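Only the coordinates and a few stated rules stand behind these numbers; no lab work does. All of these numbers come straight from a predicted model, not from anything done at the bench. Every residue, glycine among them, receives a Cβ derived from its backbone with ideal geometry; neighbour counts consider all protein chains shown.
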Amino acid sequence: MKNNTIKTALLSAILFGISPVACKAFVGDMPSSLLAGLLYLGSGIGLTGVAFYQKSSSYHALRLLSSRQRACLVGAILSGGVIAPLFLAYGIRHGTASEVSLLLNFEAVATTLLAWLIFHENIGARVWLGKVLIVGASILIVFTGGDSLRLSIPGLSVLAACALWGVDNNLTREIESIPATLLASIKGWSAGLFNILLSLTLFRSQVTALQVSGALVIGAFSYGASLVLFIQSLREIGSARTSTWFASGPFIGTVLSVILLGERLSVGYWVAALIMLSGMFFLYGEMHRHKHHHERLEHSHPHEHDEHHAHEHVGKEHGGVHDHPHVHEPMNHSHVHWPDIHHRHGH
């Protein structure tokens, strides 16, 4: 199950990592706010049909949110859906695809620090070591991949977006009762419409049908599908681990910027790439086990029967992954686990 979740996080990273290159290739000189709006609107449009296809009880989950969860939902939409895309779009518009891709690694840093400081997510030595190696590799790439040592304004803009996404990732982890597709669809429509209206109010620019359609398609895959996969990973392995696996996306984007856009990087980049892969290796070998207590919990999420899901069903028995409201009875046990939605305990 956890290996499948890692693959989910990596696929999410790949889809998101190609977005700077795709935007550079197809979008052109579109204003930053309009680009951000179209990317997220494409996400919302692409996921709406999927969300409607799900059970109607999915929307019922919105009405059952607590006040704290509603605050988390609003905060996630504002930080990650409305403000962060503006900073990223500015970076894509005025920076190089390789620069943007590389700096996106700092999202993993912001997510992990907030998960540790605010939400008290357990961060083991292997996670910290893997994180340090990945961040060190990112810094090395930044300082050896450009023409100078100065930090550009587009680069600072991308760093600001990463910090805001760190907030978004940790808030999103707390809204576990909303299906990932529905949550991503809400973010897409909210952020998309806001940024498009902002752009139409502040700017007057000529854009082609090809640019608009290209941004919508990129948004559907690199933001919509990627966000759904990312949310699923957050709920299975926690913020810190998901964000670290997600750090492979910027690396992929940088490689594509060299191959497809002809951007040139120094030899130091390849050295840094090996360091980054070493960081991924340390994370992959992580094991976390201790005796812990589960309180009684009633919720709904996709699951399969295991030691945490031993409940019975009325009517037809379910053998694979399925979704329905269920109850967890109190339990004390010890096993290898990660900070998924059933293991948010203290240490």
field: Fewest-first sequence of THR254, THR48 by Cβ atoms within 10 Å of each Cβ
entry: THR48, THR254
field: THR201 versus LEU274: modelled label distance in nm, points set 7 Å from Cα along the beta carbon direction
entry: 5.3
query: Taking the Cβ-Cβ separation of ARG68 and ALA125 as r and a Förster radius of 35 Å, what is the calculated FRET efficiency to the nearest 0.05?
result: 0.65
- line: Each label sits 7 Å from Cα toward the beta-carbon; between VAL212 and ILE139 the label points are separated, in nm, by 4.5
- request: Could you line up HIS120, HIS326 from fewest to most neighbouring Cβ atoms inside 10 Å?
  value: HIS120, HIS326
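For LYS187, LYS131, LYS7, what's the fewest-to-most ordering of other Cβ within 10 Å of each Cβ? Each step should come with its number before you reach the end.
Values: LYS187 27, LYS131 24, LYS7 13.
Ascending number of Cβ neighbours within 10 Å: LYS7, LYS131, LYS187.
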statement: Rounded to the nearest 0.05, FRET efficiency between LEU117 and HIS94 (Cβ-Cβ, R0 25 Å) equals 0.20
